[in-house]
1. Within 10 Å of each candidate Cβ there may be at most 13 other Cβ atoms; applying that plus a DSSP loop requirement, which trypsin sites (Lys or Arg not before Pro) in the range 86-187 survive?
2. To the nearest 20 debye, what is the magnitude of the charge dipole of the range 4-181 about its Cα centre, counting +1 on the Cβ of each Lys and Arg and -1 on the Cβ of each Asp and Glu?
3. Multiply the residue gap between S5 and A129 by 0.36 nm, knock off their C-alpha separation, and tell me the result in nm, one decimal place.
4. Mind checking which lysines have their Cα closer than 20 Å to the Cα of K155? Skip sequence neighbours fewer than 8 apart in that chain.
5. Please compute the length gained on full extension between E154 and R170, using 0.36 nm multiplied by the number of residues separating them and subtracting their Cα-Cα distance.
6. Based on DSSP, what percent of beta bridges with both residues in the chain are antiparallel, to the nearest 5?
Amino acid sequence: MSQLSMLAVSGSLRSASFNTRLAQLLAEVAPANCRFEVATLNGIPLYDGDLEEAEGIPEAVDALRQRIKQADGLILVTPEYNAGMPGVLKNALDWLTRPGEEMRPTFGHRPTALAGATPGAWGTAFAQASALINLRQLGVSLFPDYLRISGVAEKLGEDGASEELRDQLRKFVSRFSEFCAAGGGRD
Ligand code: FNR
């Protein structure tokens, strides 16, 4: 089995975020051949063309970009806000496509999966659906399965994750690692 590197990016800045915990759990249950890292978006300023012109690409964006470029697989773990992805995640994706020639080497054909958790129903399905428009623009190689965790407060309580949740995540990350090993479905 070849070695793979995976990066899960949480779309929540909250220190007690369910989505960041979900990303960490994915890392815990990933197959042994995966070097799995978790990133957050803390420290990324709001995109502002004046800021870009005056100061260039912020360090936090550059650092995240390097981690994405090194990843054989990218998992965006997104909360759902008002049936869409949070602004901080969209903002990070926007920065990561600047300057324009960086879009393709950062995202083009990169095996990418969508995951998300919510205390509510529907498991962030609307946020993931809205993200598809952006991911298509970025040219990623999209994993056809989606990880949608509803009622997460019960499944990921203070006692930790339920065995059922761990099992669901283990299967998801294992299938995604196979997709990445195959180059994201490319010939
Ligand atoms: C939410 N939440 C939410 N949940 C959902 O399932 N569908 C939704 O449309 C929304 N909308 C929404 C808007 C705003 C502004 C907030 C702050 C929250 C609830 C959300 O899923 C919950 O706060 C999660 O705990 C956020 O994810 P993290 O921070 O725990 O990862």
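1. Within the range 86-187, the qualifying trypsin sites (Lys or Arg not before Pro) (loop, at most 13 other Cβ atoms within 10 Å) are R186.
2. Values: 17 positive and 22 negative charges, 109 e Å.
Charge dipole of the range 4-181: 520 debye, to the nearest 20.
3. Working: separation 124, 0.36 × 124 = 44.64 nm, distance 2.58 nm.
Residue separation times 0.36 nm, minus the Cα-Cα distance, leaves 42.1 nm.
4. K171
5. Gain in length upon complete extension: 3.9 nm.
6. Details: 3 of 24 bridges.
In the chain, approximately 10 percent of DSSP beta bridges are antiparallel ones.
Computed from the coordinates by the stated procedures, all read-outs in this text should not be read as laboratory data. Please read these numbers as outputs of a predicted model, since none were measured by experiment. A quick note on method: Cβ atoms are made from the backbone with ideal geometry, for glycine too, and the neighbour counts reach across all protein chains shown.
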